[in-house]
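FYI, it's all coordinate maths here, none of it is from the lab. The structure presented is a predicted model; accordingly, all values stated were derived computationally and were not measured. We place every Cβ from the backbone using ideal geometry, glycine too, and count neighbours over all the protein chains shown.
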There are 2 protein chains.
Amino acid sequence: MKKKTTIYDIAQELNVTVSTVSRALSGFPAISDATRKAVLEVAKKLNYSPNKLASALKSGKTYIIGVIVPSVQAQFFASIIHSIEDGLKDSGYRIILYQSNESIDNEINGVKTLLEAQVDGIIASLSLETSVFEHFNEIIKQNKPLILFDRVHESLNVPTVTLDDFEAGYQATKHLIKQGYKKIAFVTTEHQIKIFDDRLKGYRSALSKHRLACAEDHVIFGDLSISAGQKGAERLMNSENTPDAIIAGDDFTALGVIKKLKEMGKTPPQIGVIGFANETFSDYITPSLSTIDQHPNKMGTACAEMFLKMIRQENPYKNTDHIVLSPTLVVRESTSNTK
Amino acid sequence: MKKKTTIYDIAQELNVTVSTVSRALSGFPAISDATRKAVLEVAKKLNYSPNKLASALKSGKTYIIGVIVPSVQAQFFASIIHSIEDGLKDSGYRIILYQSNESIDNEINGVKTLLEAQVDGIIASLSLETSVFEHFNEIIKQNKPLILFDRVHESLNVPTVTLDDFEAGYQATKHLIKQGYKKIAFVTTEHQIKIFDDRLKGYRSALSKHRLACAEDHVIFGDLSISAGQKGAERLMNSENTPDAIIAGDDFTALGVIKKLKEMGKTPPQIGVIGFANETFSDYITPSLSTIDQHPNKMGTACAEMFLKMIRQENPYKNTDHIVLSPTLVVRESTSNTK
């Protein structure tokens, strides 16, 4: 059977964006008469289905998706963005990005800005500061798809793509225990985001299952950054109850922990260190960093597929899917205890 | 003197975006009557100048700037984006991002997408594939500011912010010569972008000034990536004319070079290695990587200042400034020759 002509074929034939074709067909005022005429001619030439034409006339889609991330400086988010783009490649959708820089005010502005830019939907990961969620309601009200990934919150009843963060915290802790470490500390963040809470629960559960004490002064709350890692490690190693291993909330924080431990003459794996995210650098530092791979590529692909499914439904929120991916432990030198 | 009321003050008072205020004042159709009424009332209450009102009515600005970068996965571009945002913070402008992923087709789509999203201007760095430039003309035609940074091309007569790349190539080479290296190779890329050409000229000039031969088989052209670095190093070290130092086109390529050299038992600084960009990881790998700091923060700040200057002029292209920043050599272990 011959493939049906899509709005994308018309765009390719004319070397214009899908958005232009969509806007031309829907009578959007900013499109010139010449463009509109050319689009209609090609639509006719390629036997573009009148039903589809009618629906495009109604939709006025821009074929642009807005993606909001805390920061593109984390490889983890950059990789997700890359896979979302990859997953949308053949659909004619393109993405524009907005960074919240971990600020709720920026995130609110981001949603407004992207809606003003007429995006067809938004795929977002929450900032560390986000504890109110009203700003996302306008997207849902406009009947546009909203998907949350990685950092989500249950008070928004929208589809999500997440990692099993309890399992991630559990795996990291269990690995350290199996390596012989017994006094395991955790440098993390106390922001409202569910993933950090889940990881902490996984950590506590693994300790308890292996009959190890969970000392409250072994859990350090702060930001996630190289300097937060340095500060956390310093505080832990100067305390009376020094740990023999440290879990860091992300690989950047782990980098700071390692730097400080080296300065103090406690180079890992003498003190075990494990991070989260499997950032590019983690394989190249010394000692190389054990970490939990959060599968950003699978996460991005799942977001793209979910978006394409939602956009094709009259009510994008007909089913609210929650995809949960499993983490993978990556063992490197920083936890290879030889005691 | 009391500060004059700006469109930004009205936006803050109403907790809406500057774009909404601008669109409300300019009679943009998508703004509700209630919002328009609220904006006009606050404008009156805050004594917003009628002249400014008239100009806003005319402008219909969105206060959104589009930024096109090859990839946000490079820390260098992520840092520039961060500084552009920082430099625009108090102006009410916000940015949305588009990645070309080093593809000319994506870049062309990016310009179209951002213009369709009604951005007030575009700040861009060219993809490695870019050798035609017509797609940028539409921005200039719409009398919107276009600024190119880092990867620019002279055929576009627009303001630019660049590094002195000749000097960068010269400094990297001169440093290796001063460290006692004599057979210096260069793993780079042959794409049309001026910066790579300039760095190569700087390299050749430094060799010639120090009466060292520039062997043509010591210049390897390929992509810039970890795997390109591995391949380049392998080819150089397996040739008859093996170098004693390698300059890599960026820090990722240098990472690949170091990885391969370590595998071959030629761990730097035994063979000297220097990169470009001063990526975060370069201080943490073993050996730590000497590199050229390209000052992304200064570059981003200069782009933001230039944009604000251009947007305030009736003709943004009245003066076409070219800001050239000086590179800084960062010396670490990978070039500390002790022979």
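Some values worked out for this structure:
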item: Debye, to nearest 20: dipole size of chain A, +1 on Lys, Arg Cβ, -1 on Asp, Glu Cβ; result: 1040 debye
item: Rg [Å, one decimal], Dmax [Å, integer] - chain B, C-alpha atoms; result: 23.9, 80
item: 5 angstrom amide H check on B:I95, placed H, neighbours 5+ away; result: B:I65
item: Amide H partners (placed H, <5 Å) of A:T189, local residues excluded; result: A:G222
item: When the convex hull of its Cα atoms is projected in every direction, mean area for region B:269-335 (nm²); result: 5.2 nm²
item: Average partner coverage of B:98-107, which counts Cβ from other chains inside 10 Å; result: 2
item: Cβ-Cβ FRET estimate between B:Y8 and A:N47, R0 fixed at 60 Å, reported to 0.05; result: 0.75
item: Where only C-alpha atoms are counted, convex hull volume of region A:73-139 per residue in Å³; result: 85 Å³
item: Too-long pairs where the Cα-Cα distance tops 19 Å, listed order kept, from A:K61/A:K309; B:K112/B:K318; A:K209/A:K231; result: B:K112/B:K318; A:K209/A:K231
item: Sequence-distant residues sharing a close amide H with B:D250 (under 5 Å, placed H); result: B:F276
item: Within a Gaussian network of chain A (alpha carbon springs, distance under 10 Å), most fluctuating of A:K318, A:K231, A:K201; result: A:K318
item: Cβ-derived FRET efficiency at R0 35 Å, A:H135 paired with A:N241, nearest 0.05; result: 0.25
item: Average beta-carbon neighbours from other chains, 10 Å sphere, peptide A:276-287; result: 4
item: Theoretical gain in end-to-end length, B:K37 to B:E154 [0.36 nm per residue, Cα-Cα removed]; result: 37.4 nm
item: Eligible aspartates and glutamates near A:K194 by straight Cα distance, threshold 17 Å, same-chain separation 8 or greater; result: A:E102, A:E129, A:D150, A:E154, A:D164, A:D165, A:E167, A:D223, A:D250
item: Charge dipole (debye, nearest 20) of the protein assembly as shown; +1 at Cβ of Lys and Arg, -1 at Cβ of Asp and Glu; result: 600 debye
item: Where N is the number of residues in the protein assembly as shown, Cα Rg divided by 2.2 N^0.38 Å; result: 1.02
item: Distance from region B:149-210 to region A:244-259 (C-alpha centre basis), Å; result: 37 Å
item: Region B:259-339: GluC sites (Glu not before Pro) in DSSP loop, at most 13 other beta carbons within 10 Å; result: B:E314
item: Inter-chain Cβ neighbour average for residues B:69-80, partner chain, 10 Å; result: 4
item: Compactness of region A:201-335 - radius of gyration and Dmax, Cα, Å; result: 18.5, 62
item: Net charge, A:S290 excluded, C-beta distance under 11 Å - Lys, Arg +1, Asp, Glu -1; result: -3
item: Modelled FRET efficiency - R0 30 Å, B:V324 with B:R211, Cβ distances, 0.05 increments; result: 0.55
item: Inter-site label distance for A:N315 and B:K194 at 7 Å from Cα along Cβ, in nm; result: 5.7 nm
item: Around A:A245: net Lys/Arg minus Asp/Glu count, Cβ-Cβ under 9 Å; result: +1
item: Chain B: most fluctuating residue of B:V39, B:V219, B:V273 per GNM, C-alpha cutoff 10 Å; result: B:V39
item: Net +/- balance of residues flanking B:G66 in space, Cβ distance below 15 Å, scoring K and R +1, D and E -1; result: -1
